[in-house]
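Shown next, in structure tokens, is the structure this report addresses.
The values are calculated or read from the model by the stated rules, or taken from the named source; none is laboratory data. As the structure is a computational prediction, the values presented were derived from the model and not from experiment. Reconstructed Cβ throughout: ideal geometry from the backbone, glycine too, with neighbour counts over all protein chains shown.
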Amino acid sequence: MTLSQQHRTIVHQHLVPVFGEEVSEALMAELPTHDRDELVTKDHLEAELAKVRVEVAALGGELRTEMATLGGNLRTEMATLGGSLGKEMGSLRTEMGTLSGSLRTEMASLDGSLRDEMKRLHIQTIGTILTAVAVGTAVAAAFG
């Protein structure tokens, strides 16, 4: 049973004449101010710590299980994404091959058209030069 504040004061007042103020304060500090039921014993503390350790171990097991499950899910998802990525890359390779072939065909066609145009211009230029030479010769002969 704890002492009320009033009883603590009375005890303190009786101790001061016998032991002095300093010793009386020290003695009063050693008297509990609350019920002994609230005090923690070493055995009680060890029992509670054992309960906490059991709970922590259980939570650790649950955490490991959950992490293993999540790891498996992640591996599965990564494998699925890897497969999808492989398919996409294959599709892109096919599309690039098709576009490359189309580009080569178009470039070959443009090359042929350009060559034909260059031949036509070359022939036209030669015709113009020959005409100029003929006109120059005729003019020179007429005035010459």
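With over 30 Å from Gln6 (Cα atoms), among the small types (Gly, Ala, Ser), modelled with pLDDT under 95 and outside any loop (DSSP other than H, G, I, E, B) as the only criterion, which of Gly83, Gly60 stands out? None of the other options fit; the residue is Gly83. Would you be able to say whether some residue in the range 37-44 is at pLDDT below 95, out of contact with any Phe, Trp or Tyr (no Cβ under 8 Å at 6 or more places or on another chain), assigned to a helix (DSSP H, G or I) and surrounded by 10 or more Cβ atoms within 10 Å (Cβ to Cβ)? Yes: the range 37-44 contains one or more residues that are at pLDDT below 95, out of contact with any Phe, Trp or Tyr (no Cβ under 8 Å at 6 or more places or on another chain), assigned to a helix (DSSP H, G or I) and surrounded by 10 or more Cβ atoms within 10 Å (Cβ to Cβ). Taking (1) part of a helix (DSSP H, G or I); (2) out of contact with any helix residue (DSSP H, G or I) (no Cβ under 7 Å at 6 or more places or on another chain); (3) closer than 30 Å to Leu15 by Cα in turn, Thr33 satisfies each apart from (1).
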